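Remarks on the structure that follows.
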Amino acid sequence: MGWGAKEDSVSHAIALMLPLYAFSFTAMLYFGADRFMDMAKPGFAGEWRPSLVPYALLFWTLSGILTAFFYDAVPYELFSERGRIAGIIGATAVFALNYNQPLTGGFWRPEDIVFFGAAFAYSYSVNGKPLALVFAYLLSELPLWWCLLYPLGAAAFAGYITARFLISAYFLFRHFT
């Protein structure tokens, strides 16, 4: 196992995110780019300011590292001694019980569990590259992209959502056909 991310491992992780990206793309079309961008605004941001950019990059990069390494890769390695399926289930369970603190706050996000838990654990089981998961995590976090793209407007945000969806569809086609 190498810690680095190769193109195939990154594209594999992004391909598995297609249903999530399709949902975001469809929601953007339904609500409109302006409203969807407003929905992506992080709860801690009162209004956009330049200091949000480095803060958001640091915050979500650290969250991505925590997710990929400590909620997916390490648990997968520990549980996979009993087999690949046990590794995926174990890593998904560790993720589900820790990521949004559901047992203390009652906050369960099924989409996070399915994609950042199960899909990431599966991708890790195939490629063994946690940094690929960090890249996919960063591409997936809409509040991060709100912080980065807000000054460019809703059209830039809509372009990002559309491009992310199309790239993921391309990677899915490339990996699984």
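Condition (residue is closer than 23 Å to residue 42 by Cα and either open to solvent by 30 Å² or more (accessible area, probe 1.4 Å) or touching a helix residue (DSSP H, G or I) at 6+ places or on another chain (Cβ under 8 Å) (or both)) applied to segment 80-90: is it met by at least one residue? First the steps, then the outcome.
So the first thing to find is which residues in segment 80-90 are closer than 23 Å to residue 42 by Cα, and the list is none.
The answer is no, given that none of the residues of segment 80-90 is closer than 23 Å to residue 42 by Cα and either open to solvent by 30 Å² or more (accessible area, probe 1.4 Å) or touching a helix residue (DSSP H, G or I) at 6+ places or on another chain (Cβ under 8 Å) (or both).
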Practice task
Just one of (1) modelled with pLDDT under 95; (2) open to solvent by 20 Å² or more (accessible area, probe 1.4 Å) trips up residue 169, so point out which.
Solution key: (1)
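On the basis of being modelled with pLDDT of 95 or more, within 20 Å of residue 140 (Cα to Cα), within 13 Å of the chain's Cα centre (by Cα) and open to solvent by less than 40 Å² (accessible area, probe 1.4 Å), does residue 18 make the cut?
Details: modelled with pLDDT of 95 or more: yes; within 20 Å of residue 140 (Cα to Cα): yes; within 13 Å of the chain's Cα centre (by Cα): yes; open to solvent by less than 40 Å² (accessible area, probe 1.4 Å): yes.
Yes; evaluated as a whole, the condition is true for this residue.
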Exercise for the section: Tally the residues that are touching a residue at least 40 places away in the same chain (Cβ under 8 Å) and open to solvent by less than 80 Å² (accessible area, probe 1.4 Å), restricting the search to segment 33-56. Expected result: 11
Fill in the blank from the handout: Residue pairs qualifying under the 6 Å Cβ cut-off, at least six apart or on distinct chains, with the first in segment 86-108 being under 12 Å from residue 120 (Cα atoms) and the second being open to solvent by less than 30 Å² (accessible area, probe 1.4 Å) and aliphatic (A, V, I, L, M), are 88/121; 91/121; 92/121
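Does residue 85 count as assigned to a helix (DSSP H, G or I), under 17 Å from residue 19 (Cβ atoms) and β-branched (Val, Ile, Thr)? Break it down into steps so the answer makes sense when it comes.
Values: assigned to a helix (DSSP H, G or I): yes; under 17 Å from residue 19 (Cβ atoms): no; β-branched (Val, Ile, Thr): yes.
No: the conditions fail for residue 85.
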Completion exercise
Note on segment 94-107: residues polar (S, T, N, Q) and within 15 Å of the chain's Cα centre (by Cα) are 100
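If you go through segment 21-32 one residue at a time, how many are open to solvent by 60 Å² or more (accessible area, probe 1.4 Å) and touching a residue at least 60 places away in the same chain (Cβ under 8 Å)?
1
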Practice task
Please work out which one of (1) open to solvent by 70 Å² or more (accessible area, probe 1.4 Å); (2) modelled with pLDDT of 95 or more; (3) in a helix (DSSP H, G or I); (4) not basic (Lys, Arg) is the condition residue 64 fails and give its number.
Solution key: (1)
Fill in the blank from the handout: For residue 75, the lone unmet condition from (1) more than 20 Å from the chain's Cα centre (by Cα); (2) in a helix (DSSP H, G or I) is (1)
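Condition first: of a type in the set (Phe, Trp, Tyr) and more than 14 Å from the chain's Cα centre (by Cα). Now tell me which residues in segment 108-157 satisfy that.
Going through segment 108-157, the residues of a type in the set (Phe, Trp, Tyr) turn out to be 108, 115-116, 120, 122, 124, 135, 137, 145-146, 150, 157.
If the condition is that a residue be of a type in the set (Phe, Trp, Tyr) and more than 14 Å from the chain's Cα centre (by Cα), then 108, 146, 150, 157 are the ones that fit.
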Problem - Test: residue in segment 98-109 that is open to solvent by 20 Å² or more (accessible area, probe 1.4 Å), within 18 Å of residue 13 (Cα to Cα) and assigned to a helix (DSSP H, G or I) - result: no
Problem - Residues satisfying the stated conditions in segment 116-129, i.e. open to solvent by less than 30 Å² (accessible area, probe 1.4 Å) and either at pLDDT 95 or above or part of a loop (DSSP other than H, G, I, E, B) (or both) - result: 119, 120, 121, 123, 124, 125, 128
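The values are calculated or read from the model by the stated rules, or taken from the named source; none is laboratory data. In this text the structure is predicted, and so the values were computed from the model without any measurement. Every residue, glycine among them, receives a Cβ derived from its backbone with ideal geometry; neighbour counts consider all protein chains shown. The area values use the complete protein model at the heavy-atom level, side chains included, leaving out ligands, DNA and RNA. Shrake-Rupley method; radii C 1.70, N 1.55, O 1.52, S 1.80 Å.
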